[in-house]
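Chemist: Take this structure first; my questions come after.
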Amino acid sequence: MSAPEIVLASTSRYRAGLLRRVLPDFEQRAPGVEEAAQPGEAPQACAARLAAAKARAVAARCADALVIGSDQVAELDGAALGKPGSEANARAQLAACAGREVRFHTALCVIDTRGAQAREHAALDLTRVRFRALGADEIARYVAREQPLDAAGSFKCEGLGIALFERIDSEDPTALIGLPLIALCRILRKAGLALP
């Protein structure tokens, strides 16, 4: 097989930053996938479906490529926490999470379009985050400073958001940022890439 093109099926700067840790050269392409959950869909199932949908949408336009799709859904008490979109929503989400555990389901789908038939490889990471008890003033300062309006759960653990936590339990710390690199490297090695 020829050396594949690597394509990240995402325009996320966070996912691109993570991928650059292990692969210096790749393309980013917008998958154009609606990211809404389906009625009654479990958070982990939603993450897996969306990761696959993103990878498939881009893979349909790529030959001789490894296409990487990923999605993350935050869960509190069985319900998905979306991206807040506004400061008021972010403050409300963080108040609901204060002193509690939030589960982050980060799904990965890699599609190898080399050969006659595309092959899919998938992984799902679960990260448990225990938030500290947070006062309204702490939450307001955090939201004003970090502006986590595009982040599921209303925080960015790669920035000041780490100060909101008591504990993180995970097999892969990069999954919480949005792309589980340990699983991705395992899949890419199986596909024939030399990592490191």
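Chemist: In deg cm²/dmol, rounded to 500, what helix-only [θ] at 222 nm does the chain give when every DSSP H run of at least 4 residues adds -39500 (n - 2.57) and the total is split over its residues?
Modeler: -8500 deg cm²/dmol
Chemist: In the range 1-97, which GluC sites (Glu not before Pro) fall in coil by DSSP and have 10 or fewer other Cβ atoms within 10 Å?
Modeler: Glu34
Chemist: Percent antiparallel among DSSP beta bridges with both residues in the range 5-190, to the nearest 5?
Modeler: Here the share of antiparallel DSSP bridges comes out near 85 percent.
Chemist: Over the chain, what portion of Cα pair distances is larger than 23 Å, expressed as a whole percent?
Modeler: Of all Cα-Cα pairs in the chain, 43 percent lie more than 23 Å apart.
Chemist: Straight-line reach only, C-alpha to C-alpha below 20 angstrom: list the lysines that Lys156 could link to, leaving out same-chain residues fewer than 8 apart.
Modeler: Straight-distance partners of Lys156: Lys83.
Chemist: Using Cα pairs under 8 angstrom and six or more residues apart, how large is the relative contact order of the chain, in percent?
Modeler: 22 percent
Chemist: How big is the charge dipole of the range 5-190 about its Cα centre, in debye rounded to the nearest 20, if each Lys and Arg gets +1 on its Cβ and each Asp and Glu gets -1 on its Cβ?
Modeler: Charge dipole, the range 5-190, about its Cα centre: 300 debye, nearest 20.
Only the coordinates and a few stated rules stand behind these numbers; no lab work does. Everything numeric in this text was worked out from a predicted model, so none of it was measured. Glycine also receives a Cβ, built like all others from the backbone with ideal geometry; neighbour counts cover every protein chain displayed.
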